[in-house]
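Worksheet: one structure, shown below.
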Amino acid sequence: MLFQNQVVVITGAGRGIGAAAAKLFAQHGASVVVNDLDAKPAEAVVAEIESAEGAAVAVPGSVTEDGFPENLLDAAVDRFGKLNVLVNNAGFTWDGMLHKMTDEQWRAVLEIHTMAPFRMIRAAAKHLREPAKAELAAGEPFSENRCIINVSSTSGLHGNVGQANYATAKMGVIGLTKTVAKEWGRFGVRCNAVAFGFIDTRMTRAKEDGESIEVAEHEIAQGIPEAARGRAITGNPLGRSGTDEEAAGGIVIMASTLAGYVTGHTLEVTGGAGI
Ligand SMILES: NC(=O)c1ccc[n+]([C@@H]2O[C@H](COP(=O)([O-])OP(=O)(O)OC[C@H]3O[C@@H](n4cnc5c(N)ncnc54)[C@H](O)[C@@H]3O)[C@@H](O)[C@H]2O)c1
């Protein structure tokens, strides 16, 4: 029970890594706020947590919408009383070779993977930085685990063919992570990134399966062309893809006080890819 009496907000938690993280946090005693663009899968995750005697609430909506980050965090605090952990996980890919990539493709991917986490963290200042600052001013010890996890990728660390936009964004979020670690460290607020390799979710399944996400009236195909998946899956020392539960484990470890003296770090959950 690493998160007894703690409140965790996870964006994009209706499916994939975010959903697995929501369930794992709940298993460890957290009250979980499950955000996703899609209400139905978010509500299904909440129902699953509740059927296992956990506490959760769905707050659907887009993290890229003006004012939504503030509304999401206010809803979390209204329901559960405080905020301990913010996980910036929501995302999608909009791949294309650089010489053909449009400005819209570039902006949409930078917006979801860098602008949205920035806005979420700025909105979280009220709930993480301010109470800690008050405790510091009163000469009291910090009373809570307070931290932020930003989800990054091996594409950000190493670059990736067809992902100029995504690689730039996922490296950008590491700079954001280190800056927050430096600005809020004196208030006891930790900020870490978790960079995933090939995790088996909608984002990495065969493009031919036909999964897609609707963004700004575009139906954007998710997944990787079947021909390109083989080497990506096995190109790491463990020789396989990771599960969403294994990915969630990386997030939960870094958010817990077991990592209480770790901040500004990027944990690679990649089966050893890129070493
Ligand atoms: N799967 C991988 O191999 C892999 C590797 C590296 C990084 N990542 C990152 O992990 C995170 C989770 O991805 P996943 O693999 O679980 O993909 P996924 O498609 O299964 O889940 C992503 C979720 O984010 C939601 N989402 C998208 N845009 C949103 C928005 N504007 N507001 C709220 N929710 C939104 C989607 O509806 C979806 O449920 C992403 O940031 C992704 O870039 C994944």
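Every read-out reported here was derived from the displayed coordinates using simple, explicitly stated rules and does not represent laboratory data. Computed from a prediction, not measured in an experiment: that's the story for all the values here. In this analysis, Cβ positions are derived from the backbone assuming ideal geometry, glycine residues included, and neighbour counts consider all displayed protein chains.
Tabulated data for the structure shown
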{"read-out": "Positive dipole terminus of the chain, leading residue within Pro60, Asn89, Thr270 (C-beta point charges)", "value": "Thr270"}
{"read-out": "Per-pair calculated FRET efficiency, R0 = 51 Å: Glu140 and Arg231 via Cβ, rounded to 0.05", "value": "0.45"}
{"read-out": "Net charge dipole size for the range 172-236 [Lys, Arg +1 and Asp, Glu -1 on Cβ; Debye, nearest 20]", "value": "660"}
{"read-out": "Gained length - Thr102 relative to Thr243, 0.36 nm times residue gap less alpha-carbon distance", "value": "47.5 nm"}
{"read-out": "Span-rule helices in the chain, defined as complete DSSP H runs reaching 20 Å or more along the axis (Cα) with Kyte mean at least -0.5", "value": "164-184"}
{"read-out": "Sequence-distant residues sharing a close amide H with Ala58 (under 5 Å, placed H)", "value": "Val34"}
{"read-out": "Inverse mean reciprocal Cα-Cα distance (Kirkwood Rh) of the chain, Å", "value": "18.7"}
{"read-out": "Filter on Lys170/Lys207; Lys100/Lys170; Lys23/Lys178; Lys126/Lys182; Lys23/Lys82; Lys23/Lys207 - keep pairs with C-alpha separation over 25 Å", "value": "Lys23/Lys178; Lys23/Lys207"}
{"read-out": "Length released on extending from Val262 to Leu110, taking residue separation times 0.36 nm less the Cα-Cα span", "value": "52.1 nm"}
{"read-out": "Share, in percent, of DSSP beta bridges within the chain that are antiparallel, nearest 5", "value": "10"}
{"read-out": "Largest-first ellipsoid semi-axes for the range 1-98, taking √(5λ) over the Cα gyration tensor eigenvalues, angstrom", "value": "22, 15, 12"}
